[in-house]
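The values are calculated or read from the model by the stated rules, or taken from the named source; none is laboratory data. Computed from a predicted structure; not experimentally measured. Positions of Cβ are generated from backbone atoms using ideal geometry, with glycine treated the same way; all protein chains shown enter the neighbour counts. We work out accessible area using only protein heavy atoms, side chains counted, and drop any ligands, DNA or RNA first. Shrake-Rupley method; radii C 1.70, N 1.55, O 1.52, S 1.80 Å.
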Amino acid sequence: MSEQQPIIELKNLRKLFPVNKTSLWEQEEKFVHAVDDVSFVLHPGEVLALVGESGCGKSTLALTLMNLETPTEGQIFFEGRDVTHLSGKPLQEMRRHIQMVFQDPYESLNPTMTIGDIVAEPLVVHRLEPNKQARQDRVVRALEDAGLKPASNFMHRYPHELSGGQRQRVVIAGALVLEPKVLLADEPVSMLDVSIRAEILNLLASLRETRGISVLFITHDLGTVAYFADRIAVMYLGRIVEMGGTLSVLERPLHPYTKALLSVMPVPNPRLRRERIILQGETPNPIDLPSGCRFHPRCPIAQPHCQQTDPAWREIEPAHWAACLEV
Amino acid sequence: MSDTAVSTTSIRGFWRSFRRSRMGLIGLFMFLVVVLMAVFAPAIAPYDPKEVVRVTIDDIYAAPSAEHWLGTDDAGRDVLSNFIYGSRVSLIVGFFASFISIFIGSFVGIVAGFYGGRAENILMRFTDIMLVIPDLPLAVVIVALTKPSLWNIIFVIGALGWTGSARLVRSQTLAVKQRKFVLRARSIGAGNMHIIRYHILPMVLPLIVVNTVLVISLAILNESTLSFLGLSDPTALSWGQMLNFAFTRGAMSARAWWALVMPGLGIVWAVLACTLLGQGLEQVLNPRLETHHLAVGVQMVDRGAEVQA
Ligand SMILES: Nc1ncnc2c1ncn2[C@@H]1O[C@H](COP(=O)(O)OP(=O)(O)OP(=O)(O)O)[C@@H](O)[C@H]1O
Ligand code: SF4
Ligand SMILES: [Mg+2]
């Protein structure tokens, strides 16, 4: 993208969760390497898709980015300002500009609050519209922007009276009402019916068009992002293994993990069709990481040196990066 | 924000499901009987227990008659009237003491559960200490050392009866705190106070309501016990005090069963009413929380009931 200042920049971000020691004799403390040395930038108005299988640390990355989990190491910049160690009021103020849509719309709404109150809550928290009528108007607009029309049908209902898709729209409305600069969408459609997924995805795509919001779109399904992400980052066991423009990643994947993901993706476009690569073995657990390249136990093209050397992050084509010794 | 939260529809819905609980209805009925009796005591009671009466030997422990439906006590006063007025003291102590208990318990429980860390450690250690000290002997000591006035008794019972509620509220707070909507509230920039007020409290409140009703019965029982031991406000005649007088002033040897049975029945009635009502409320508030595994659990209320046993 352009040379303008990135809206979000992560530098070597790391989030480790300590694990309870299981045996009396184990001396060293162990950690879940949920996010391990992740760096990337998000430009204004850009949609960056973060793709990876379940448990690779996508949600943790998003939560750490908002300081909902304290980063273990590394730095987070928001509009060029280091926000890694913010707390209290400045942190709450920063969160206003970065909104999140959570994975599970059934759990992320308070069952004792009406839809109207839920969507108004961000305004109340930030004391943005003290005038009740003005606040109401903004809530109505947000609900209708999120596709809940007419809003008056929903304002006084409780979350349990709504379908999953409608709830996710409520979450999106609650995020939009603050007019954020960044939207973190954490698998917003993974818990929804296939039939509703396209609607929600179209909604997110159109929001980017009309409002110029930057979106970090988290998903485990390459297929859902292909058509509206500008760039794709592929994550494996807490680390980004490949990143580049959507077309280059989809058409010329560099990392064997990306290739494997793409090969099992059902594609209507025959140009993209490849031989299926079925990965061997299970995802290693993020506590005892494999030595060298963390993908080597499952990598179809692994070489002996892959067990010793952790591959560096290299720009292999212009603006197309990967971490693999064999490309 | 919350002014629409408790709408008339939810109150109507609440009543509709409460009606389905037979035990709850019985409890409510029994509870209302006591409350009405206490409120309208002057209208119902045939005599005024404070009135000075001239007593002859025949009036002491007089058997039930047309004049005194439930006989008289050691001072020749009408047992029925004493009984009706006694409900006032029992209820006053029950309400106020349980409010004190619930207030302290909820505060300690929410602060400990929500903030965690050192605050939680200190508060819960303190709760554990309070829990292992037997309430009654301590209450006896405190009341004996201070003036046994009605408000002292309320305060002592209230200040000693909060530990169960604190633990209950804490565990519910811990559970609610983990839920995704609290994380969402944080992500929109909400501070701790806002989260407690709008997310923790409404989810813990049903538990607090149920617990209050149960703690009322506990407080009534404690007051009766203290009065029975002779530690009560001499000017406030309660059921426990009626029992105390009956026992210490020869009702047994006079075979004046009426002086013993009525206050005893009153205590059992009130305690049973609160327990049934609490259980009925619990049944309704539980599904309304509409949560899978974190709602007010049966075992939680059972623990509350154990405390009072
Ligand atoms: N609070 C926590 N304490 C300990 N471990 C955690 C915690 N949160 C996440 N983890 C671990 O961190 C790893 C990454 O979890 P995360 O939820 O970020 O994965 P994900 O990519 O979002 O997966 P999914 O697609 O299933 O949502 C997992 O191994 C998980 O068990
Ligand atoms: S470095 Fe080796 S093991 Fe890792 S992805 Fe490349 S080829 Fe496979
Ligand atoms: Mg996740």
- Candidates A:327, A:264, A:234 - the one that is crowded, with 17+ Cβ neighbours inside 10 Å and of a type in the set (Val, Ile, Thr): A:234
- Item | Number of positions in segment A:238-256 that are part of a loop (DSSP other than H, G, I, E, B) and out of contact with any Lys or Arg (no Cβ under 6 Å at 6 or more places or on another chain) | 4
- Note on the structure: Taking segment A:172-192 and the residues there that are of a type outside the set (Asp, Glu) and within 16 Å of ligand 1 (Cβ to nearest atom), the one that is surrounded by the fewest Cβ atoms within 10 Å (Cβ to Cβ) would be A:190
- Kindly indicate whether residue A:94 is more than 16 Å from ligand 3 (Cβ to nearest atom), among the hydrophobic types (A, V, I, L, M, F, W, C) and in contact with a Lys or Arg (Cβ under 9 Å, 6 or more places away or on another chain). yes
- Item | Residue satisfying all of: in segment A:55-96; open to solvent by less than 10 Å² (accessible area, probe 1.4 Å) and polar (S, T, N, Q); farthest from ligand 2 (Cβ to nearest atom) among these | A:84
- Message: Among the residues of segment A:149-193, what is the count of those that are hydroxyl-bearing (Ser, Thr, Tyr) and within 11 Å of chain B (Cβ to nearest Cβ)?
- Response: 1
- Any idea how many residues of segment B:186-244 are more than 14 Å from chain A (Cβ to nearest Cβ) and of a type in the set (A, V, I, L, M)? 16
- Query: Of all the residues that make up segment A:34-54, how many are under 19 Å from residue A:223 (Cα atoms), within 16 Å of ligand 3 (Cβ to nearest atom) and open to solvent by less than 10 Å² (accessible area, probe 1.4 Å)?
  - Reply: 4
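Per-residue answers, yes or no, for (1) more than 16 Å from ligand 3 (Cβ to nearest atom); (2) within 14 Å of another protein chain (Cβ to nearest Cβ); (3) of a type in the set (A, V, I, L, M):
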| site | (1), (2), (3) |
| --- | --- |
| A:212 | yes, no, no |
| A:221 | no, no, no |
| A:242 | yes, no, no |
| A:261 | yes, no, yes |
| A:283 | no, no, no |
| A:289 | yes, no, yes |
| A:298 | yes, no, no |
| A:303 | yes, no, no |
| A:310 | yes, no, no |
- Checked segment B:19-51 for anything under 14 Å from residue B:278 (Cβ atoms) and in contact with a Leu (Cβ under 7 Å, 6 or more places away or on another chain); matches are B:23, B:24, B:26, B:27, B:28, B:30, B:31
- Tell me, which residue of segment B:155-171 that is closer than 13 Å to residue B:102 by Cα and β-branched (Val, Ile, Thr) is nearest to the chain's Cα centre (by Cα)? B:157
- Note on the structure: Expected single match for touching a strand residue (DSSP E or B) at 6+ places or on another chain (Cβ under 9 Å) and among the hydroxyl-bearing types (Ser, Thr, Tyr) among A:163, A:152, A:108 is A:108
- Task: Mind counting the residues in segment B:216-231 that are in a loop (DSSP other than H, G, I, E, B) and within 18 Å of residue B:75 (Cα to Cα)?
- Result: 1
- Task: Return a yes/no flag: does segment A:281-288 have any residue that is away from ligand 1 (no atom under 16 Å from the Cβ) and open to solvent by less than 30 Å² (accessible area, probe 1.4 Å).
- Result: no
- Item | Pair list, Cβ < 8 Å and 6+ apart or interchain, from segment A:188-211 residues that are more than 16 Å from residue A:175 (Cα to Cα) to residues that are surrounded by 13 or more Cβ atoms within 10 Å (Cβ to Cβ) and charged (D, E, K, R) | A:190/A:221; A:191/A:104
- Task: Can you give me the ranges of the strands (runs of 3 or more DSSP E) entirely in segment A:29-99 with at least 2 residues that are farther than 25 Å from residue A:244 by Cα?
- Result: A:30-42
- Message: Condition check: out of contact with any helix residue (DSSP H, G or I) (no Cβ under 7 Å at 6 or more places or on another chain), farther than 27 Å from residue B:30 by Cα and more than 14 Å from every other protein chain (Cβ to nearest Cβ). Does residue B:142 satisfy that?
- Response: no
- Item | Flag for residue A:129 being of a type outside the set (Ser, Thr, Tyr) and either in contact with a Cys (Cβ under 7 Å, 6 or more places away or on another chain) or over 25 Å from residue A:220 (Cβ atoms) (or both) | yes
- Query: In segment A:286-304, is there at least one residue being in a helix (DSSP H, G or I), more than 30 Å from residue A:18 (Cα to Cα) and within 13 Å of ligand 2 (Cβ to nearest atom)?
  - Reply: yes
- For residues that are polar (S, T, N, Q) and surrounded by fewer than 13 Cβ atoms within 10 Å (Cβ to Cβ), tally how many sit in segment B:17-53. 0
- Item | Subset of segment B:176-185 [open to solvent by 20 Å² or more (accessible area, probe 1.4 Å) and either at the interface with chain A (Cβ under 7 Å from one of its Cβ atoms) or touching a His at 6+ places or on another chain (Cβ under 8 Å) (or both)] | B:180, B:183
- Which ones in segment A:193-203 are open to solvent by 80 Å² or more (accessible area, probe 1.4 Å) and of a type in the set (Val, Ile, Thr)? A:194
- Note on the structure: When segment A:103-123 is checked residue by residue, the ones that are more than 7 Å from every other protein chain (Cβ to nearest Cβ) and modelled with pLDDT under 90 are A:103, A:105, A:106
- Task: Sort out which residues of segment B:258-296 are at pLDDT below 85, under 16 Å from residue B:210 (Cβ atoms) and open to solvent by 30 Å² or more (accessible area, probe 1.4 Å), and write them in order of number.
- Result: B:283, B:286, B:287, B:288, B:294
- Message: Scan segment A:141-164 and tell me whether some residue there is of a type in the set (S, T, N, Q), more than 20 Å from residue B:195 (Cα to Cα) and within 22 Å of the chain's Cα centre (by Cα).
- Response: no
- Item | Subset of segment B:232-247 (residues that are of a type in the set (S, T, N, Q) and in a helix (DSSP H, G or I)) | B:241, B:244
